[in-house]
Amino acid sequence: MSEDAATLAFAELHPDDILTTLGDLGFDCDGRFLALNSYENRVYQVGIEGARPVVAKFYRPGRWSDDAILEEHSFATDLANQEIPVVPPLEHDGETLHHSGHFRLAVYPCHGGRAPDLDNFELQTQLGRLVARIHLEGETSRFRHRPRVDIESYGVESVEYLLDHDFVPEDIGEAYESTAEMVLDGVEACFERAGNVRELRLHGDFHPGNVLVDRDRLHIVDLDDARHGPAVQDIWMFLSGDREEQTPQLKALLEGYQSFRHFDARELHLIEALRSLRIMHYAAWLARRWGDPAFKIAFPWFDNRRYWDEHVLALREQVSLMQEAPLEWNDF
């Protein structure tokens, strides 16, 4: 399927087809149906007669191979088997990946909850422990079909895509390009300062939206972006605010982390570099999906001048932040 066809494919995914597909997998759907907040894929909460709802995730065509999706499922299942509260897909006839026309889908148990409070240091410590346990499993083997968090794919390719496809307004194109070059130079310098840090299997997109808090219980969801990278990739997105605010957050996270796995303090040099790469990658992700009508509705500000002015400003701020000393943390 071409990239354009894949972008528009979800227009062919209708509620009746979704319910029929789940019925074919043995689920007795009761007609309740709720689209959940997801854009890369399509995710729906579906009511089940006499039981808890399930969550059906329809993968965007063409993004991952079957083998890469099955690696995601296997990783989630292995983590759940270690009693880590990751939500793995349900099996049907021994399979977790199912096909319906040109769509591939997985079905998950439904868990409710809210995003974690980043100022709750006790909760931050608990999250640190869970991340460490994920990484203990993550370092036992390697993915064969999933990529890395790296400068080339997140940074260089993102910049090239935006410029080659004329998303950056012409009159600030030169400013964007020169700023992006400084950012990439800064990212490389951060990686050089960190040295040869170890890469392992990660959640990859571990941010507050992928943690559900229900009273005293946590559930970790959405390993769709699982890949190889440094351990700090699964930590830095739980840091918010300025340096003064981030420092106690980091301390709480790493206190929990170190109770299960050693954290290499050199990786603190990578926090602002990884943040910079995510900013670049996010802009290119929106551009690559701009043909999907759902993106124009959800992100109407993306193709206006103000967004690009603010984007260039954010990148310039990252250049400065990457030149500062990393967050302080006393190893123990």
Positions within region 85-96 being modelled with pLDDT of 95 or more, surrounded by fewer than 19 Cβ atoms within 10 Å (Cβ to Cβ) and farther than 18 Å from Gly23 by Cβ, in sequence order | Pro85
How about region 48-99: which of its residues are part of a loop (DSSP other than H, G, I, E, B), closer than 24 Å to Leu218 by Cα and hydroxyl-bearing (Ser, Thr, Tyr)?
-> Thr96
List every residue pair whose Cβ atoms lie under 7 Å apart, where the two residues are 6 or more positions apart in sequence or sit on different chains, the first residue falls within region 168-188 and is assigned by TED's automatic domain parsing to the domain that holds Ile271, and the second residue, located anywhere, is crowded, with 21+ Cβ neighbours inside 10 Å and not in a helix (DSSP H, G or I).
-> Tyr176/Val168
Any residue in region 119-130 that is in a loop (DSSP other than H, G, I, E, B), within 29 Å of Leu36 (Cα to Cα) and among the hydrophobic types (A, V, I, L, M, F, W, C)?
-> no
Restricting region 31-58 to residues that are without any contact (Cβ under 8 Å) to a residue 60 or more places away in the chain and among the aromatic types (Phe, Trp, Tyr), the one nearest to Ala298 (Cα to Cα) turns out to be Tyr44
Residue count, region 282-306 (criterion: surrounded by fewer than 16 Cβ atoms within 10 Å (Cβ to Cβ) and within 19 Å of His165 (Cα to Cα)) = 11
So how many residues does region 59-96 have that are aromatic (Phe, Trp, Tyr) and either more than 21 Å from Gly26 (Cβ to Cβ) or in the same structural domain as Asp222 (by TED's automatic domain parsing) (or both)?
-> 2
Which pairs have Cβ atoms under 9 Å, sit 6 or more apart or on different chains, and link a residue in region 144-162 that is at pLDDT 95 or above to one that is part of a helix (DSSP H, G or I) and of a type in the set (Lys, Arg)?
-> Tyr154/Arg278; Tyr161/Arg288
Taking region 206-263, which residues are more than 20 Å from Leu321 (Cα to Cα) and assigned to a helix (DSSP H, G or I)?
-> Pro208, Gly209, Asn210, Ala231, Ala252, Leu253, Leu254, Glu255, Gly256, Tyr257, Gln258
What is the residue count in region 286-320 for residues that are among the hydrophobic types (A, V, I, L, M, F, W, C) and free of Cβ contacts under 8 Å to residues at least 12 places away in the same chain?
-> 3
Do we find that Gln82 is crowded, with 18+ Cβ neighbours inside 10 Å and polar (S, T, N, Q) in this structure?
-> no
Please identify the pairs in which a residue from region 226-250 that is over 22 Å from His145 (Cα atoms) has its Cβ atom under 8 Å from the Cβ atom of a residue that is buried (at least 18 other Cβ atoms within 10 Å of the Cβ) and among the small types (Gly, Ala, Ser), counting only partners at least 6 apart or on another chain.
-> Ile235/Gly128
Residues (assigned to a helix (DSSP H, G or I) and in contact with a helix residue (DSSP H, G or I) (Cβ under 8 Å, 6 or more places away or on another chain)) located in region 185-205 = Gly186, Val187, Glu188, Ala189, Cys190, Phe191, Arg193, Ala194
Test: Arg227 is basic (Lys, Arg), touching a Pro at 6+ places or on another chain (Cβ under 8 Å), within 19 Å of Val131 (Cβ to Cβ) and modelled with pLDDT of 95 or more | yes
Can you tell me which residue within region 159-175, out of those that are part of a helix (DSSP H, G or I) and acidic (Asp, Glu), is surrounded by the most Cβ atoms within 10 Å (Cβ to Cβ)?
-> Glu160
Of the residues in region 137-158, those that are surrounded by 15 or more Cβ atoms within 10 Å (Cβ to Cβ), of a type outside the set (D, E, K, R) and out of contact with any Ser or Thr (no Cβ under 8 Å at 6 or more places or on another chain) come to Gly138, Phe143, Val149, Ile151, Ser153, Tyr154, Val156, Ser158
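The values are calculated or read from the model by the stated rules, or taken from the named source; none is laboratory data. Remember, it's a predicted structure, so these values are computed and weren't measured experimentally. Neighbour counts run over all protein chains shown; Cβ positions are idealised from the backbone, glycine included.
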